[in-house]
């Protein structure tokens, strides 16, 4: 059975993920450094990891299995999950795949370099209603594909 792993710190679609998982009766692990409030939902397990920079990523990468789904905007974590045969979805509804993860990693490195050299300033684009809608659609499709 598919399990969903949420890289919880700064994830804007936790509630949406839990709602969709509930419709499909799927277990969700919400992994974070700070602890999250989800009530006593029977399908959600809060995993509190140490404050280390990659502690949540490491926990998810160690636990996720083939056929599971990871929700993350962290491209290196997405690559690690894909290597284990999991599906990966960004909070903006963009699926990471074995076919596109290489270019996503390269773009990440290029953007990091441009920020460090001052060529590029500013942050990421605002999270929109369209992103939220695309995310929910994609997650539902991934779950149906896994079934």
State which residue pairs qualify: first residue at pLDDT 90 or above and inside the stretch 112-138, second residue surrounded by 11 or more Cβ atoms within 10 Å (Cβ to Cβ) and outside any loop (DSSP other than H, G, I, E, B) in any location, beta carbons under 8 Å apart, and separation of 6 or more residues or different chains.
132/16; 135/16; 135/89; 136/16; 136/20; 138/89; 138/95
Checking residue 8 against (1) surrounded by fewer than 19 Cβ atoms within 10 Å (Cβ to Cβ); (2) under 11 Å from the mean Cα position of the chain (by Cα), which single condition isn't satisfied?
(1)
Here, strands (runs of 3 or more DSSP E) confined to the stretch 1-107 with at least 1 residues that are farther than 22 Å from residue 138 by Cα are 27-32, 44-48
Is the stretch 58-65 home to any residue that is at positive phi, modelled with pLDDT of 80 or more and within 16 Å of the chain's Cα centre (by Cα)?
no
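The values are calculated or read from the model by the stated rules, or taken from the named source; none is laboratory data. Owing to the predicted nature of the structure, the values given are computational and were not obtained by experimental measurement. Cβ sites come from the backbone with ideal geometry, for glycine too, and all protein chains shown count toward neighbours.
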